[in-house]
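**Student:** Would you mind keeping the following structure in view while I ask a few things?
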Amino acid sequence: MVYLRKIAVADDIRIYNMLQEIGSNDNGFHNKVYGMSYHQFREWLENECSVDAGNLEEWMVPQTSYWLFDDEKPIGYGRLRHYLNDQLTETSGHIGYAIRSTERGKGYGNQILSLLLEECKKLNIRRVQIGANSDNVLSNKVIKKNGGILIRVSKNKNFYHIDLT
């Protein structure tokens, strides 16, 4: 069974190992844990949970971070921003996600995006913006498959809206 679970301070080595399979800038998804020691991961996890709890710096917006699991195996990482500020509207979007390298090409990208869109509905986000590097053919296909309509292209990135009404 594939499902999302919110990140938690109690997360373990399985999550750390998954994050080592997602590059530091994996097709535009920023993974700060890549290359960290396990001790550093624990510190990062506490900070990330703090951000999800609302302890934000001035430039940040509220977000919720999730792990994608297939049964008990961590497969991917997703972030959902609750709203966008001007900078995020220009450069990013509501959703970012990545799948561990050993599990790509198995449909998990579609699953994580679909599940994150369900979370958007719970937050009453009716028009989701999501970006993908223009050369990332698979991510662009995943977004379109989940209802993405191309709204603009900026440098190396495509931006889509997904209407959830």
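The values are calculated or read from the model by the stated rules, or taken from the named source; none is laboratory data. Fair warning: this is a prediction, and the values are worked out from it, not measured in the lab. So basically every Cβ, Gly included, is an ideal-geometry build from the backbone, and we count neighbours across all protein chains shown.
**Student:** Being in a helix (DSSP H, G or I) and surrounded by 15 or more Cβ atoms within 10 Å (Cβ to Cβ) is the filter here; which residues of the range 139-153 pass it?
**Tutor:** To start, the set of residues in the range 139-153 that are in a helix (DSSP H, G or I) comprises 139-145.
Within the range 139-153, Ser139, Asn140, Val142, Ile143, Lys144 meet the criteria.
**Student:** Let me ask something else about it. Modelled with pLDDT under 85, of a type in the set (A, V, I, L, M) and closer than 26 Å to Leu88 by Cα: which single residue out of Val51, Val61, Val33 fits that description? Can you show your working first?
**Tutor:** Numbers: Val61 fails: modelled with pLDDT under 85; Val33 fails: modelled with pLDDT under 85.
After applying the criteria, what remains is Val51.
**Student:** Among the residues of the range 1-22, how many are exposed (fewer than 15 other Cβ atoms within 10 Å of the Cβ) and either without any contact (Cβ under 8 Å) to a residue 60 or more places away in the chain or touching a Cys at 6+ places or on another chain (Cβ under 7 Å) (or both)? Spell out how you get there, then give the answer.
**Tutor:** The first filter runs over the range 1-22 and keeps only residues exposed (fewer than 15 other Cβ atoms within 10 Å of the Cβ), leaving 1, 3, 5-6, 8-10, 12-14, 17.
From the residues that got through so far, the ones that are either without any contact (Cβ under 8 Å) to a residue 60 or more places away in the chain or touching a Cys at 6+ places or on another chain (Cβ under 7 Å) (or both) too are 8-10, 12-13, 17.
Number satisfying all stated conditions: 6.
**Student:** Just a yes or no: is a residue in the range 126-139 in contact with a helix residue (DSSP H, G or I) (Cβ under 8 Å, 6 or more places away or on another chain) and hydroxyl-bearing (Ser, Thr, Tyr)?
**Tutor:** yes
**Student:** In addition: For the subset of the range 115-138 comprising residues that are assigned to a strand (DSSP E or B) and of a type in the set (A, V, I, L, M), which member is farthest from Ser92 (Cα to Cα)?
**Tutor:** Within the range 115-138, the subset assigned to a strand (DSSP E or B) is 127-133.
Going one step further and asking which of them are of a type in the set (A, V, I, L, M), we end up with 128, 130, 132.
Numbers: Val128: 11, Ile130: 7, Ala132: 9 Å.
Of everything passing the filter in the range 115-138, Val128 is farthest from Ser92 (Cα to Cα).
**Student:** Further question on the same structure: Among the residues in the range 98-107, are any under 16 Å from the mean Cα position of the chain (by Cα), surrounded by fewer than 14 Cβ atoms within 10 Å (Cβ to Cβ) and not in a strand (DSSP E or B)? Lay out the reasoning, then the answer.
**Tutor:** Taking the range 98-107 and keeping what is under 16 Å from the mean Cα position of the chain (by Cα), we get 98-101, 103-104, 107.
Next, only the ones that are surrounded by fewer than 14 Cβ atoms within 10 Å (Cβ to Cβ) stay: 101, 107.
Cutting the leftovers down to not in a strand (DSSP E or B) gives us 101, 107.
Scanning the range 98-107, I find at least one residue that is under 16 Å from the mean Cα position of the chain (by Cα), surrounded by fewer than 14 Cβ atoms within 10 Å (Cβ to Cβ) and not in a strand (DSSP E or B), so the answer is yes.
**Student:** Give the residue that is farthest from Arg5 (Cα to Cα), with candidates limited to residues of the range 57-111 that are touching a Ser or Thr at 6+ places or on another chain (Cβ under 9 Å) and among the aliphatic types (A, V, I, L, M).
**Tutor:** Leu84
**Student:** Within the range 38-54, count every residue that is aliphatic (A, V, I, L, M) and either more than 21 Å from Asn17 (Cβ to Cβ) or in contact with a Cys (Cβ under 9 Å, 6 or more places away or on another chain) (or both). Before the answer, list the steps.
**Tutor:** Start the filter on the range 38-54 by keeping residues that are aliphatic (A, V, I, L, M), which leaves 45, 51, 53.
This time we only want the ones that are either more than 21 Å from Asn17 (Cβ to Cβ) or in contact with a Cys (Cβ under 9 Å, 6 or more places away or on another chain) (or both), so: 51, 53.
Within the range 38-54, residues that are aliphatic (A, V, I, L, M) and either more than 21 Å from Asn17 (Cβ to Cβ) or in contact with a Cys (Cβ under 9 Å, 6 or more places away or on another chain) (or both) number 2.
**Student:** What pairs come out if I take residues in the range 38-59 that are part of a loop (DSSP other than H, G, I, E, B) and pair them with residues that are at pLDDT 90 or above whose C-beta lies under 7 Å away, six or more apart or interchain?
**Tutor:** Gly54/Pro62; Leu56/Pro62
**Student:** Do the conditions hold for Gln87, that is, is it assigned to a helix (DSSP H, G or I), touching a residue at least 12 places away in the same chain (Cβ under 8 Å), surrounded by fewer than 16 Cβ atoms within 10 Å (Cβ to Cβ) and of a type outside the set (Val, Ile, Thr)?
**Tutor:** yes
**Student:** Mind counting the residues in the range 23-37 that are crowded, with 18+ Cβ neighbours inside 10 Å and free of Cβ contacts under 8 Å to residues at least 12 places away in the same chain?
**Tutor:** So the count comes out to 0.
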